[in-house]
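I have placed the structure first, in the form of structure tokens, so that the comments after it can refer back to it.
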Amino acid sequence: MPVPVPRPRAIPAVEGGQARAASLPGDQTAQTAQGPSARAKAQNDTLTLLVIEDDPAGSPIVPEMLDSAGRPIRLRTARNLTEAERLLTDDVHCILLDLALPAPGRAAEEEDELAVLRHVLQLAPRHAVLALTASGDAERGAEAVRVGAQDYLFREELDGRLLSRAIRYAVERKRSDTAERRLTESKLRAQENARLERGLLPTPLLDGSSLRFAARYRPGRSRALLGGDFYDTVRTPDGTVHAMIGDVCGHGPDEAALGVELRIAWRALTLAGLCGDELLSTLQQVLEHERDNDEIFATLCTVDIAPDGRRAGLCLAGHPAPLIARPDPRAPGSAREGGTPIAELLPYDNNGPALGLLPGARWPRMQVELGPVWSLMLYTDGLIEGRVGQGGERLGQDGMVELVRRRLSEGLTGEELLRATVNEVRDLNGGELADDVAVVLLDRAP
């Protein structure tokens, strides 16, 4: 079907912003004196109306129109939708549409009464639309508003002042509707992301174990629930409790996704019977296949606690050593009864490289004695890299050990202990911590 060629037409004076030049010469002189940038700004602030009707030359709506600041409203006219599409540029603020126009590709007797309006709304979803109809056809105009127009006007009652006011109203209403829709969409996306991230956080599998579990998680990203840190705990059929904590370098959404992949892979491999060096070697292969570039790496700490709870195997892949707290055998009573606990780091002499740094690396498994009563805390470096006071000094592992020991001597355990520890680290930092923080606590009570 050939594209209709628009007839030559005279551009109304108001489209060039010249309609009031004769009556307001002082305004034109002042605008010229303001320079090109001021004139460009004034032009951008001027409202532009696109009129779509079948006979613009005989239209009664050409009389000059003014915006709220007294500036002329620029006018463009189109005889049909094909021509309107070419004139519909970003500087158009409002469309005045004659509902009597036929919809493209339909015969007049077959078309929906508002088909042309629906077509324009699809063509210009970001523009305000005024529907133009015959007086006495208020029902059709009201239906146009329900379909998506900002307002409707009667052709016979139209004048410059009424149209100017209707344009300003339609533009502001469209802006308000757009802002409200974007806010709603943003809230829905945030809720969906929150549900997704919450569902990706682990649920410990410790059925049948006497160990008590607690965890604390604070992503470094603003308004996020999930960061690059990850942790998990499972109990295998032989009674061994396996725990791990890790940290993907960086703390954006890509790192968070990779952390979830590594956590799920660790759980699957652990339940399949892998442990120690064999497990970490396989995890490194997963990391190498899933990361975006070769510079991405992850630190990891894994602990497998024997069924009797007195011994554990420890593997470190570039990760800080866990903290263990035990009652001081030289002090009477337990920590809750006033005894002083001993808090110290587990050995880290055989710390292997982070996952993804060295192909073919090995991670030795160290055997450590836990004792009959203990609390084992696994953590990521976000907990120890916070600043202390106004200076540049970091809390460090020694500061963290002393902080936890003091909280234990106050009788804090489990979630209460972790909450107090993370809050104090944040307070010492003088505000929120920049990096992700994950902490896991396992307790073996008397």
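The values are calculated or read from the model by the stated rules, or taken from the named source; none is laboratory data. Values in this document were obtained by computation on a predicted structure and should not be read as measured data. Glycine also receives a Cβ, built like all others from the backbone with ideal geometry; neighbour counts cover every protein chain displayed.
Some points to look at:
- Subset of region 148-171 that is outside any helix (DSSP H, G or I) and of a type in the set (A, V, I, L, M) - its residue that is farthest from Leu117 (Cα to Cα): Leu158
- Test result for Asp308, without any contact (Cβ under 8 Å) to a residue 24 or more places away in the chain and part of a loop (DSSP other than H, G, I, E, B): yes
- Each residue in region 283-295 was checked for being assigned to a loop (DSSP other than H, G, I, E, B) and surrounded by fewer than 19 Cβ atoms within 10 Å (Cβ to Cβ), and 4 of them qualify.
- Boolean, Asp232 is under 13 Å from Ala438 (Cβ atoms), surrounded by 15 or more Cβ atoms within 10 Å (Cβ to Cβ) and in contact with a Lys or Arg (Cβ under 6 Å, 6 or more places away or on another chain): yes
- Taken together, the residues in region 158-176 that are among the acidic types (Asp, Glu) and modelled with pLDDT of 80 or more amount to 1.
- Residue within region 239-258 that is closer than 25 Å to Ser375 by Cα and outside any strand (DSSP E or B) present: yes
- Only one entry of Asp304, Asp294 meets the criterion of being under 25 Å from Leu418 (Cα atoms) and among the charged types (D, E, K, R), and that entry is Asp304.
- Positions within region 390-415 being charged (D, E, K, R) and touching a Lys or Arg at 6+ places or on another chain (Cβ under 9 Å), in sequence order: Glu393, Arg394, Glu415
One line per residue, one yes/no per condition, for (1) under 23 Å from Met400 (Cβ atoms); (2) at pLDDT 95 or above; (3) exposed (fewer than 14 other Cβ atoms within 10 Å of the Cβ):
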| position | (1), (2), (3) |
| --- | --- |
| Ala257 | no, no, no |
| Ser281 | no, yes, no |
| Thr299 | yes, yes, no |
| Asp304 | no, yes, no |
| Pro322 | yes, yes, no |
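- Region 414-446: number of residues that are surrounded by fewer than 18 Cβ atoms within 10 Å (Cβ to Cβ), closer than 16 Å to Ala214 by Cβ and in contact (Cβ under 8 Å) with a residue 12 or more places away in the chain: 5
Residue-by-condition table, conditions (1) modelled with pLDDT under 90; (2) assigned to a helix (DSSP H, G or I); (3) within 32 Å of the chain's Cα centre (by Cα); (4) exposed (fewer than 13 other Cβ atoms within 10 Å of the Cβ):
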residue: Ala107; (1), (2), (3), (4): yes, no, no, yes
residue: Val116; (1), (2), (3), (4): no, yes, no, no
residue: Arg146; (1), (2), (3), (4): no, yes, no, yes
residue: Thr178; (1), (2), (3), (4): yes, yes, yes, no
residue: Glu192; (1), (2), (3), (4): yes, yes, yes, yes
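- Qualifying residues in region 413-445 (those that are within 24 Å of Ile324 (Cβ to Cβ) and small (Gly, Ala, Ser)) - the one farthest from the chain's Cα centre (by Cα): Ala445
- Some residue of region 404-424 being assigned by TED's automatic domain parsing to the domain that holds Leu262, under 23 Å from Gly309 (Cα atoms) and of a type in the set (Val, Ile, Thr): yes
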